Amino acid sequence: MTRIIPPGSTVGVLGGGQLGRMFAMAARRMGYRVHTLAPESDTPTGQIADVEINASYDDLDAVRAFASQVDVVTFEFENVSAAAAEAAEACAIVRPGGRALHVAQHRIREKTFLADHGLPVTPFAPVRTEEELTGGLERLGCPGVLKTAAFGYDGKGQVAIGDRDAALEAWDMLGRQEAILEAFIDLACEISVIGARGVDGAWSNFGPIENAHRNHILDVSVAPAGVPETTAALAVEVTRGVMEALDYVGILCVEYFVARDGRVLINELAPRPHNSGHLTFDACRTSQFEQQLRAICGLPLGSPELLQPSAMANLLGDVWANGEPDWAAALAFPNVKLHLYGKKEARPGRKMGHLTALAPTAADARDLVVRARQALVTRP
Ligand SMILES: Nc1ncnc2c1ncn2[C@@H]1O[C@H](COP(=O)(O)OP(=O)(O)O)[C@@H](O)[C@H]1O
Ligand SMILES: [Mg+2]
């Protein structure tokens, strides 16, 4: 029998961003205490947590002290070093474990692991030398995308490659660091599946969510995704396969490319709640954050049922370009919910919050959330 970590216990979150903030809200609602560790202070997570520890993830003494104060450690930020994950594991239960993190935080390890388990990934080649780059280009053809192997997010650390000459230039631009070359996929759309897996192997998922990006940053997510039944079923099964291969405990998001030729390919994994799942907070019986809590505490998973079609629009710092957004104008739409992350400085491209809309159809929800977001922007 699984030993449960009951309400009243303390959960530790490594990372201080909005994913940890919404997790902390779910955890506190259910009577848990929350500690967070991040290099910054007054973080989105820290504002909600009981205790905020201010330390670098590489300060292993601080990570050990943090872990020894809590009953279970989880992540909202995946770029914690293997050494830090090990330090935490020496002092507390860590879910997901360091191995899943290690695989997901490095694009070559990630795609190699998936391919070795027979899971469908974007065709790729590791790039550590000039020979590997030219060899990869020959095998994959052009156009392609060159991405740094580690620490990329929101399109940072990636360059599109139109032809062979551009490839070397692109690699130079990335400082010739370890990289991955991918075939450029002609996309019909992008979807994500967020799965939850319990300590006992119980599994659940939120069903495919459709994601539209702008400048490589998630812009709008819609549930349910407008893909054929067979595509949806395949993505769900592949997600389950990924989580079983990793013997995963917690929440994991698999981002997929749906190609125009019908292929469904894994783009990347996120070993934590995901931006595309923010709509589950308002639209599902159990949110991705509560599901993360249940999974890591050995509790039964909740129902992921989508109560109504829903859409989420990110609010980037750009929304503040002409001054304070017109909150009342967006909230005048009664089926729209506002979420803000407590970040003080609204820099362009920075994720400051999001809006969620519920409506009778997915198309209506998308339309509504986009109109509400437009209403926020005050005219100069
Ligand atoms: N191989 C590719 N083919 C087509 N589009 C791509 C490819 N790689 C990345 N993209 C586009 O760029 C976005 C961000 O890339 P991703 O690898 O997910 O990096 P990040 O870690 O920044 O999210 C993707 O969601 C997709 O829109
Ligand atoms: Mg991505």
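The values are calculated or read from the model by the stated rules, or taken from the named source; none is laboratory data. From a predicted model like this one, the values you see are computed outputs, not experimental measurements. Because the Cβ atoms are built from the backbone with ideal geometry, glycine has one as well, and the counts that use them run over all protein chains shown.
Looking at (1) touching a Gly at 6+ places or on another chain (Cβ under 6 Å); (2) in a loop (DSSP other than H, G, I, E, B); (3) near ligand 1 (Cβ under 10 Å from one of its atoms), which one does Val199 not meet, given that it meets all the others? Evaluating Val199 over (1) touching a Gly at 6+ places or on another chain (Cβ under 6 Å); (2) in a loop (DSSP other than H, G, I, E, B); (3) near ligand 1 (Cβ under 10 Å from one of its atoms) leaves (3) as the failure. Only one entry of Ala49, Ala24, Ala65 meets the criterion of being touching a His at 6+ places or on another chain (Cβ under 7 Å) and either in a loop (DSSP other than H, G, I, E, B) or free of Cβ contacts under 8 Å to residues at least 40 places away in the same chain (or both), and that entry is Ala49. For region 316-330, a residue qualifies if it is in contact with a helix residue (DSSP H, G or I) (Cβ under 8 Å, 6 or more places away or on another chain), surrounded by 15 or more Cβ atoms within 10 Å (Cβ to Cβ) and assigned to a helix (DSSP H, G or I), and the qualifying residues are Val319, Ala330. Note on region 22-77: among residues that are among the hydroxyl-bearing types (Ser, Thr, Tyr) and under 24 Å from Leu299 (Cβ atoms), the one that is farthest from the chain's Cα centre (by Cα) is Ser68.
Residue check: Glu110 meets all listed conditions (1) surrounded by 16 or more Cβ atoms within 10 Å (Cβ to Cβ); (2) farther than 16 Å from Ala150 by Cα but one, namely (2). For region 155-167, a residue qualifies if it is away from ligand 2 (no atom under 14 Å from the Cβ) and of a type in the set (D, E, K, R), and the qualifying residues are Asp163, Arg164, Asp165. Ala149 meets the conditions (1) at negative phi; (2) surrounded by fewer than 19 Cβ atoms within 10 Å (Cβ to Cβ); (3) touching a residue at least 12 places away in the same chain (Cβ under 8 Å); (4) out of contact with any Cys (no Cβ under 7 Å at 6 or more places or on another chain) in every case but one. The failed one is (2). Only one entry of Ala346, Ala357, Ala363, Ala332 meets the criterion of being of a type outside the set (Val, Ile, Thr), touching a Phe, Trp or Tyr at 6+ places or on another chain (Cβ under 8 Å) and either farther than 28 Å from Ser41 by Cβ or at pLDDT below 95 (or both), and that entry is Ala357.
Among residues of region 296-308 that are surrounded by fewer than 18 Cβ atoms within 10 Å (Cβ to Cβ), those with a Cβ under 9 angstrom from a residue that is assigned to a loop (DSSP other than H, G, I, E, B) and basic (Lys, Arg), sequence gap 6+ or separate chain, pair up as Gly302/Arg285; Ser303/Arg285; Glu305/Arg285; Leu307/Arg285. Being within 13 Å of Gly250 (Cα to Cα), more than 16 Å from ligand 2 (Cβ to nearest atom) and either among the acidic types (Asp, Glu) or part of a strand (DSSP E or B) (or both) is the filter here, so list the residues in region 261-315 that pass it. Result: Glu290, single match. For first residues located in region 216-232 and on the phi > 0 side of the Ramachandran plot, partners that are in a loop (DSSP other than H, G, I, E, B) and surrounded by fewer than 17 Cβ atoms within 10 Å (Cβ to Cβ) and lie 6+ apart or on another chain with Cβ distances below 7 Å form the pairs His216/Asp154; His216/Gly155. Checking each residue in region 267-295 for being closer than 19 Å to Thr45 by Cβ and either surrounded by fewer than 20 Cβ atoms within 10 Å (Cβ to Cβ) or within 16 Å of ligand 1 (Cβ to nearest atom) (or both) picks out Ala270, Pro271, Arg272, Pro273, His274, Asn275, Gly277, His278. Of the numbered criteria (1) within 16 Å of ligand 2 (Cβ to nearest atom); (2) under 21 Å from Val258 (Cβ atoms), the one Gly152 fails is (2).
For region 187-198, does any single residue satisfy the condition of being more than 16 Å from ligand 2 (Cβ to nearest atom), aliphatic (A, V, I, L, M) and modelled with pLDDT of 95 or more? Looking for residues that are more than 16 Å from ligand 2 (Cβ to nearest atom), aliphatic (A, V, I, L, M) and modelled with pLDDT of 95 or more, one finds at least one in region 187-198, hence yes. Of the residues making up region 99-148, those that are part of a loop (DSSP other than H, G, I, E, B) and either under 17 Å from Glu169 (Cα atoms) or over 20 Å from the mean Cα position of the chain (by Cα) (or both) are His117, Gly118, Pro123, Arg128, Thr129, Gly141, Cys142, Pro143. For region 59-83, filtered to residues that are at pLDDT 95 or above and more than 23 Å from Phe289 (Cβ to Cβ), the residue that is surrounded by the fewest Cβ atoms within 10 Å (Cβ to Cβ) is Asp61.
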